[in-house]
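S.K.: Have a look at this one before I ask anything.
FYI, it's all coordinate maths here, none of it is from the lab. This one's a predicted model, so the numbers in the text were calculated from it and none came from an experiment. When we count neighbours, we look across all protein chains shown, and the Cβ atoms used for this are built from the backbone with ideal geometry, even at glycine.
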Amino acid sequence: MNPLKKISTLFKLLRQERQYRLRLEFVLTDYCNLNCKGCTHYAPVAPKEFEELELLRQEMSHLGNVCGSEVRECYLIGGETLLYPHLTEAMTMLRRYFPTQKLSIFTNGLLIPRMSDEFWQLARELDFHIVITIYPVKADYDAIIALCKEKGVKTEVYGDRSQQDSFFRFPLSPVKLRHNRKIHLSCFNRGCMSVIGGYIYPCSISGCVSHLNRAFGTDFRHEEGDRLKVSEIGSAKEILRLYTHPVPFCGYCRKYQPADYGISRREASEWIDEE
Ligand code: SF4
Ligand code: SF4
């Protein structure tokens, strides 16, 4: 990249940092009914586990109290979010603690035709957005999107993974680099503040890494500064720092690249670069 372009990209990124307003992603499960190569929640190797409802309530309540006014939007996310067995309770709690924020449910859409009347009614009453990512699988996405609209629920499409360059590979390397500012600044996952198991991580790549360790015997570790314990957070500023500053875990990350969509064969090379 020529030097002028580099400087203009840097300014653009710094401007984005200044304008950023918090977005919290409550991860309900990393388990999924699809099996995508290189998934950023490591769903193909994630166990069928779900976030405890009471822990979720404590996380939402604490974050709503200490920094709700500075949160722009919250997601319920997976894995496949619609597989969460307590989804309607989670929706009700999220709206209770974040009464004015934009609230969204992220989904691959496949289970939409099977959702209950209670779900649709709550989604309307609590003003949830259904955000669908389209995958190149056998599903009638036009009908799925039309159904959401027919149910009177705000619906958005977040990416079509059948398009070229719409999927990315975010490799980790067991060799940790110290100078991680550059990787962090250009990181596509920056800002995906992931609330998982009582902690906030700057991204799912770090937050869900235990699935990789379990599946492939790797030892990607969290150090001081990699995450915040939700119950100890006192202000939004502490969370924002996870967005604006690299954390030690960023040293494992290597440059992300567009990748063709594919089915996972649950191989380590989908996520890990040996160096
Ligand atoms: S649908 Fe999303 S969460 Fe599920 S495996 Fe694919 S990328 Fe991962
Ligand atoms: S650990 Fe840092 S560089 Fe890696 S994906 Fe997360 S925010 Fe980006």
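S.K.: For the ranges 231-241, 107-117, what's the packing order if you count other beta-carbon atoms within 10 Å of each residue, average per peptide, and put the highest first?
M.R.: Numbers: 231-241: 13.9, 107-117: 17.0.
The peptides rank, most packed first, as 107-117, 231-241.
S.K.: Based on DSSP H runs of at least 4 residues, each adding -39500 (n - 2.57), what is the mean residue ellipticity at 222 nm of the chain after dividing by all its residues, to the nearest 500 deg cm²/dmol? Show your work: numbers first, answer last.
M.R.: Working: 9 runs with 87 residues, N = 275.
So the calculated ellipticity at 222 nm is -9000 deg cm²/dmol.
S.K.: Sorted from largest down, give the three principal axis spans of the alpha carbons of the chain, whole angstrom values.
M.R.: In descending order, the Cα extents are 52, 43, 41 Å.
S.K.: I need the calculated FRET efficiency for the pair Glu70 and Arg265, taking r as the beta carbon distance and R₀ as 45 Å, to the nearest 0.05. Please report the intermediate quantities before stating the final value.
M.R.: Working: r = 42 Å, r/R0 = 0.94.
Efficiency computed from Cβ-Cβ geometry: 0.60.
S.K.: Could you sort out which of Lys37/Lys102; Lys48/Lys154; Lys37/Lys229; Lys138/Lys237 sit more than 32 Å apart by Cα distance in this structure?
M.R.: From Lys37/Lys102; Lys48/Lys154; Lys37/Lys229; Lys138/Lys237, over 32 Å: Lys138/Lys237.
S.K.: Whole angstrom only: what separates the Cα centroid of segment 128-181 from the Cα centroid of segment 232-275?
M.R.: Using only Cα atoms, the two centres lie 17 Å from each other.
S.K.: Could you tell me which of rounded, prolate or oblate describes segment 167-275, using a ≥ b ≥ c as the square roots of the eigenvalues of the alpha-carbon gyration tensor, with rounded for a/c under 1.5 and, failing that, prolate when a/b is larger than b/c and oblate otherwise? Numbers along the way, then the final one.
M.R.: Details: a/c = 1.74, a/b = 1.53, b/c = 1.13.
Cα axes put segment 167-275 in the prolate bin.
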